[in-house]
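Input: a single structure, listed below in structure tokens.
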Amino acid sequence: MKKEEMDLLFQETFDHNDYRLFFAPGRINLIGEHTDYNGGHVFPCAITYGTYALVSKRKDNAIRLYSENFPEEGLIEFDLTNLQYDTKHSWANYAKGMINYLKQAGYKIENGLDILIHGNIPNGAGLSSSASIELVIGIALEKLFNLDIERIEFVKIGQQVENNFIGVNSGIMDQFAIGMGKKDFGMLLNCQTLACEYAPIQLHQHHIVIMNTNKRRTLADSKYNERKSECEEALEVLKKVTNINSLGELTEGTFENVKNYLPNEIIQRRVQHVVSENSRTLKALRALKANDLHEFGQLMDASHCSLRDDYEVTGKELDTLVETAWNQKGVIGARMTGAGFGGCAIAIVEKEQVEQFIDKVGAIYKEKIGYEATFYVASIGDGARELTEEEDK
């Protein structure tokens with residue numbers, strides 16, 4: 001959607017066009033999967049797909065929201081004095097939650113708002129459109145009401161909205177990557193301490209290709225909960241024989257010494273994945289700091305194998321995409337990203353090979369799975385911000 005089209009839609013919806021423009025990206029996790037709830041490291045980055053918000057202050061208490069992505073919902077209206085969760089307000093609850101929790105934290109938001117949302121994150125792709133909405137509203141409130149708020153506090157409030165207002169028990173990675181992202185950098189995030197180290201990702205001759213399976217993720221939630229409980233069971237056993245508070249604290253050497261205490265081979269493989277994946281995130285940081293993209297690609301490949309064989313969260317669709325990607329010319333590395341059982345995979349591909357890569361992987365996927373995958377070429381971008389005229393899309 002072009003800037004002129006957003007202008008026109010805002011004018012038609014709110015009968016004026018006195019707004020400011022804000023943007024929050026989506027995110028992908030480059031490596032470090034199912035490590036977050038185990039107290040390990042993740043390695044996300046912000047991408048150039050995301051959520052645009054055209055926002056204007058009102059003189060009264062009315063908050064009016066319209067999403068170009070959900071026109072069937074129409075104009076959603078509520079009052080600044082009534083910020084309770086309401087199922088009828090669907091997607092607007094993410095915005096309502098941010099307003100509510102910032103007010104509860106003591107920040108003065110004393111006027112209503114007109115808000116137009118346009119997102120270009122593929123729906124249901126697992127690139128975190130919900131956190132993107134939360135953070136774009138947060139940055140708009142900060143700028144419009146001159147709030148003095150640390151970015152990390154924004155990030156934490158976004159997670160509280162997700163956990164307590166919306167009721168989704170997710171970690172902090174999504175909001176952190178979207179709030180703290182830097183153009184051309186990935187970030188190694190310690191999910192326990194929130195310590196973060198940035199690493200340059202120099203993709204001069206390459207693109208990141210996001211490959212959406214387009215599979216309904218029917219298994220993702222149940223298997224996620226199953227894996228989480230398997231890891232919790234393992235942690236309780238290992239706490240009795242080693243001094244750890246999370247599986248993320250286990251080194252590969254320590255795990256070798258204590259793995260036979262675990263009750264069965266399945267639990268051993270689950271912990272094997274967590275420990276090896278956490279180690280891969282640290283190796284990824286070193287590889288990128290040394291500008292060794294090929295080493296990083298090999299770590300991505302190994303990550304997928306571990307998620308497929310030890311953690312068992314990939315499934316036929318993701319395996320077909322990734323294993324087909326490995327066989328294409330110009331591919332440095334590929335892996336699933338996200339919870340698994342659907343959603344997306346990512347590949348790092350030489351620029352001149354991208355078109356052929358998409359054609360070939362797409363054709364093989366359709367032949368084997370029976371329906372099409374969707375492909376997006378992404379760049380690594382900055383985190384949530386107000387857009388200047390130069391950045392307007």
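Summary of computed values
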{"quantity": "Calculated FRET value between Lys103 and Asp18, using beta carbons and R₀ = 30 Å, to 0.05", "calculated": "0.80"}
{"quantity": "Farthest toward positive dipole pole in region 3-202 [+1 Lys/Arg, -1 Asp/Glu at C-beta], among Asn163, Leu147, Ala46", "calculated": "Leu147"}
{"quantity": "Sum of side-chain charges, Asp292 neighbourhood, beta-carbon under 15 Å (Lys, Arg +1; Asp, Glu -1)", "calculated": "+2"}
{"quantity": "For the chain: relative contact order, % (alpha-carbon pairs under 8 angstrom, 6 or more apart)", "calculated": "24 percent"}
{"quantity": "Gain in span if fully extended, Glu197 to Leu387, counting 0.36 nm per residue against the direct Cα distance", "calculated": "65.9 nm"}
{"quantity": "Positive-pole candidate from Asn29, Tyr66, Gln11, dipole of region 3-202, charges at beta carbon", "calculated": "Asn29"}
{"quantity": "Cα gyration tensor shape for region 206-378, rounded if a/c is under 1.5, else prolate or oblate", "calculated": "oblate"}
{"quantity": "Computed FRET value (nearest 0.05) for Phe145 with Asn327, which takes r as the C-beta separation and R₀ as 41 Å", "calculated": "0.20"}
{"quantity": "Whole-Å distance, taken between Cα centres, linking region 230-257 and region 1-74", "calculated": "40 Å"}
{"quantity": "Relative contact order, percent, region 77-140 [alpha-carbon distance under 8 Å, six or more residues apart]", "calculated": "37 percent"}
{"quantity": "Potential extension, Ala62-Glu352 segment - 0.36 nm per residue separation minus Cα distance", "calculated": "99.3 nm"}
{"quantity": "Spacing of the two label points (7 Å from each Cα toward its C-beta) at Glu233 and Lys2, in nm", "calculated": "5.8 nm"}
{"quantity": "In Å, descending, principal axis extents of the Cα set of region 3-202", "calculated": "47, 35, 30"}
{"quantity": "Exposure proxy ranking, count of Cβ atoms within 10 Å, fewest first, for Tyr376, Tyr107", "calculated": "Tyr107, Tyr376"}
{"quantity": "Lys, Arg +1 and Asp, Glu -1 on Cβ, resulting dipole of the chain about Cα centre, debye, nearest 20", "calculated": "600 debye"}
{"quantity": "Cα-based convex hull, region 120-250, per residue volume (Å³, whole number)", "calculated": "171 Å³"}
{"quantity": "Leu282, Leu235 arranged by Cβ crowding within 10 Å, fewest neighbours leading", "calculated": "Leu282, Leu235"}
{"quantity": "Within region 174-249: Cβ-based charge dipole about Cα centre, in debye rounded to nearest 20 (Lys, Arg +1; Asp, Glu -1)", "calculated": "300 debye"}
{"quantity": "Distance in nm between pseudo-label sites at Thr87 and Leu282 (7 Å out along the Cβ direction from Cα)", "calculated": "4.7 nm"}
{"quantity": "Fewest-first ranking of Val313, Val322, using other Cβ atoms within 10 Å as the exposure measure", "calculated": "Val313, Val322"}
{"quantity": "Neighbourhood charge, 9 Å Cβ-Cβ cut-off, centred on Val55 and excluding it, Lys, Arg +1 and Asp, Glu -1", "calculated": "+2"}
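Readers should treat all values here as calculations from the given coordinates under stated rules, not as data from a laboratory. The shown structure was predicted, so the numbers you read here are calculated from the model rather than taken from an experiment. Reconstructed Cβ throughout: ideal geometry from the backbone, glycine too, with neighbour counts over all protein chains shown.
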